[in-house]
Structures are given as structure tokens and as C-alpha cells.
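Asks: There's a structure below that I have some questions on.
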Amino acid sequence: MVLRKLMGIFAITLMVGAASFATAGVPDLDLSTAGRAYAGPETAVMFNIPNGGGSAFTSAAIVGGTVDATITLTLLDGAGVPIANFPFEDAWIESADSGMAACTGGATSDANTNASGVTNWVTPLQAGGSSEALTVVMISGAALTSGAGLAISHNSADINGDGNVNLTDVPLFAGDFYGGVYAFRSDFAFDNAVNLSDVVRLAQALGASCP
Ligand SMILES: [Ca+2]
Ligand SMILES: [Ca+2]
């Protein structure tokens with residue numbers, strides 16, 4: 001009888017152990033959080049170049065200046081325990097409408113998570129395309145559910161998002177420059193106008209490609 005009780009307790013202990021083992025170290029998309037350093041109301045704009053020569057998150061644009069749009073991800077498992085050393089390759093950002101077109105591996109976090117489960121996006125993305133939708137943090141291909149996303153928009157001299165800044169992007173820019181209707185995708189030096197400062201950024205980025 002005592003033996004049967006002991007066996008029962010042993011079995012329950014095994015089951016509980018297995019259950020906690022199943023969620024330990026597995027990211028919980030609702031408990032994990034992502035935030036933007038700049039707490040102001042403006043959307044921060046990233047100017048991206050496929051070769052990584054665009055804006056760092058620490059110098060994202062708002063009208064009239066730059067702000068620190070560094071993204072901080074805190075990765076927790078189902079028990080609220082920080083997940084350390086989570087591979088940076090498996091944490092990346094996307095636009096909610098997929099308009100920002102990252103090179104392969106071009107939008108991952110900067111490093112594996114630290115002992116507190118934290119990693120950041122500071123260094124420039126390798127990306128083209130444009131989007132005014134929210135920026136969403138993806139964990140192994142699934143979006144965080146703890147928030148709708150971050151107010152960070154993206155544009156790029158690689159307007160068509162094919163991974164190269166070349167002569168196929170120039171007519172698109174020219175159309176926006178002369179079009180008379182404001183086009184965010186070509187407002188590289190973000191100030192709500194497409195003008196000569198944006199031409200300069202396009203010219204400087206010509207020839208850049210995904211690594
Ligand atoms: Ca292009
Ligand atoms: Ca501009």
C-alpha cells in the first residue's frame with residue numbers, strides 16, 4: 001500500500017516535471033514583450049539600405065530631428081522565466097503589412113538574448129521596400145501577441161524591395177519627386193516632403209545590394 005502510494009507520487013512528480021520541462025525555455029508570445037526606446041507619440045522612421053548602410057535605430061527620424069527607436073525584446077517562457085542565449089537568427093522584425101523587405105537575415109536582433117532574456121535592435125537593418133504599418137517582432141516566425149507592434153516605419157532607396165539599389169529604382173523615385181503627391185516611400189530624409197535631400201540619399205545608396 002505504501003509502495004503503491006509512493007509509486008503514485010513518483011508518477012505525478014514525473015508528469016509535473018515533464019509538463020514544466022515542455023514550456024521551460026519555450027518563448028511565450030504573450031508574456032514576452034517588445035518596446036521602443038523613444039516614448040514620444042511620433043512614429044519613428046528608419047531609412048534602410050540593403051547593405052546595412054542606412055539608419056541605426058538610435059538615429060531614426062521624426063520631423064525636425066532624430067530619436068532613439070532602439071527596440072528591446074524581453075523573452076520569457078510560460079512560467080515568466082527569462083530565456084537566455086536565444087539565437088538572434090530566430091528573433092527578427094517585419095512590417096505588419098510586409099512592406100519592409102529585409103535581406104535574408106537582415107532584420108534579426110543584434111545578439112542572442114542575455115541572462116535576463118533581453119536583446120536589442122540597434123544596428124541598421126539590411127532591407128529595402130517601405131511601410132508605414134507597425135513594426136512587429138517575430139519569434140521563430142510567430143508575432144508577439146503582447147502588443148500590436150511598434151510605431152516604427154521604414155523606407156529605402158531600394159524602393160521596389162528587390163535587394164538592390166539600381167536604375168530600376170530611379171524611375172520610381174522620379175515619379176514620386178515630380179508626381180506632386182506626397183510619397184512616403186521616397187521620403188528618405190524624412191520630413192514629409194520628397195525633395196533634393198532625398199535625391200542625395202538615393203544617389204549615395206546607388207549600387208548597394210543585400211550582402
Ligand atoms: Ca531595387
Ligand atoms: Ca524628405
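Asks: May I ask you to list the residues in the stretch 96-127 that are surrounded by 19 or more Cβ atoms within 10 Å (Cβ to Cβ) and more than 13 Å from the chain's Cα centre (by Cα)?
Replies: 113, 117
Asks: Ok, one more. I'm trying to understand the selection: among the residues of the stretch 185-197, which are within 16 Å of ligand 1 (Cβ to nearest atom) and either surrounded by fewer than 16 Cβ atoms within 10 Å (Cβ to Cβ) or over 16 Å from residue 60 (Cβ atoms) (or both)?
Replies: Just the residues of the stretch 185-197 that are within 16 Å of ligand 1 (Cβ to nearest atom), to begin with: 185-186, 188.
Selection gives 185, 186.
Yes/no per residue for (1) modelled with pLDDT of 95 or more; (2) farther than 25 Å from residue 87 by Cβ:
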site	(1), (2)
4	no, yes
17	no, yes
22	no, no
28	yes, no
41	yes, yes
44	yes, yes
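Asks: Let me ask you something else. Does residue 61 satisfy being surrounded by 20 or more Cβ atoms within 10 Å (Cβ to Cβ), in contact (Cβ under 8 Å) with a residue 40 or more places away in the chain, of a type outside the set (S, T, N, Q) and assigned to a loop (DSSP other than H, G, I, E, B)?
Replies: Working: surrounded by 20 or more Cβ atoms within 10 Å (Cβ to Cβ): yes; in contact (Cβ under 8 Å) with a residue 40 or more places away in the chain: yes; of a type outside the set (S, T, N, Q): yes; assigned to a loop (DSSP other than H, G, I, E, B): no.
It is false that residue 61 is surrounded by 20 or more Cβ atoms within 10 Å (Cβ to Cβ), in contact (Cβ under 8 Å) with a residue 40 or more places away in the chain, of a type outside the set (S, T, N, Q) and assigned to a loop (DSSP other than H, G, I, E, B).
Asks: Still on this structure: Could you list all residues from the stretch 40-51 that are of a type outside the set (D, E, K, R) and over 16 Å from residue 120 (Cβ atoms)? First the steps, then the outcome.
Replies: Residues of the stretch 40-51 that are of a type outside the set (D, E, K, R), as a first pass: 40-41, 43-51.
Across the stretch 40-51, the qualifying residues are 40, 41, 43, 45, 47, 48, 49, 50, 51.
Asks: Listed residues 186, 130, 153; which is in contact with a Gly (Cβ under 7 Å, 6 or more places away or on another chain), within 16 Å of ligand 2 (Cβ to nearest atom), in contact (Cβ under 8 Å) with a residue 12 or more places away in the chain and within 23 Å of residue 68 (Cα to Cα)?
Replies: Numbers: 186 fails: in contact with a Gly (Cβ under 7 Å, 6 or more places away or on another chain); 153 fails: in contact with a Gly (Cβ under 7 Å, 6 or more places away or on another chain).
Testing whether each residue is in contact with a Gly (Cβ under 7 Å, 6 or more places away or on another chain), within 16 Å of ligand 2 (Cβ to nearest atom), in contact (Cβ under 8 Å) with a residue 12 or more places away in the chain and within 23 Å of residue 68 (Cα to Cα) leaves just 130.
Asks: How many residues are outside any loop (DSSP other than H, G, I, E, B), among the aromatic types (Phe, Trp, Tyr) and more than 16 Å from ligand 1 (Cβ to nearest atom) if we restrict to the stretch 162-184?
Replies: 3
Asks: Pick out the one residue from 156, 209, 146 that is near ligand 1 (Cβ under 10 Å from one of its atoms) and within 30 Å of residue 74 (Cβ to Cβ).
Replies: On the way: 209 fails: within 30 Å of residue 74 (Cβ to Cβ); 146 fails: near ligand 1 (Cβ under 10 Å from one of its atoms).
Going through 156, 209, 146 in turn, just one is near ligand 1 (Cβ under 10 Å from one of its atoms) and within 30 Å of residue 74 (Cβ to Cβ): 156.
The values are calculated or read from the model by the stated rules, or taken from the named source; none is laboratory data. Keep in mind that what you see is a predicted model, and the values were worked out from it rather than measured. Cβ atoms come from the backbone with ideal geometry, glycine included; neighbour counts cover every protein chain shown.
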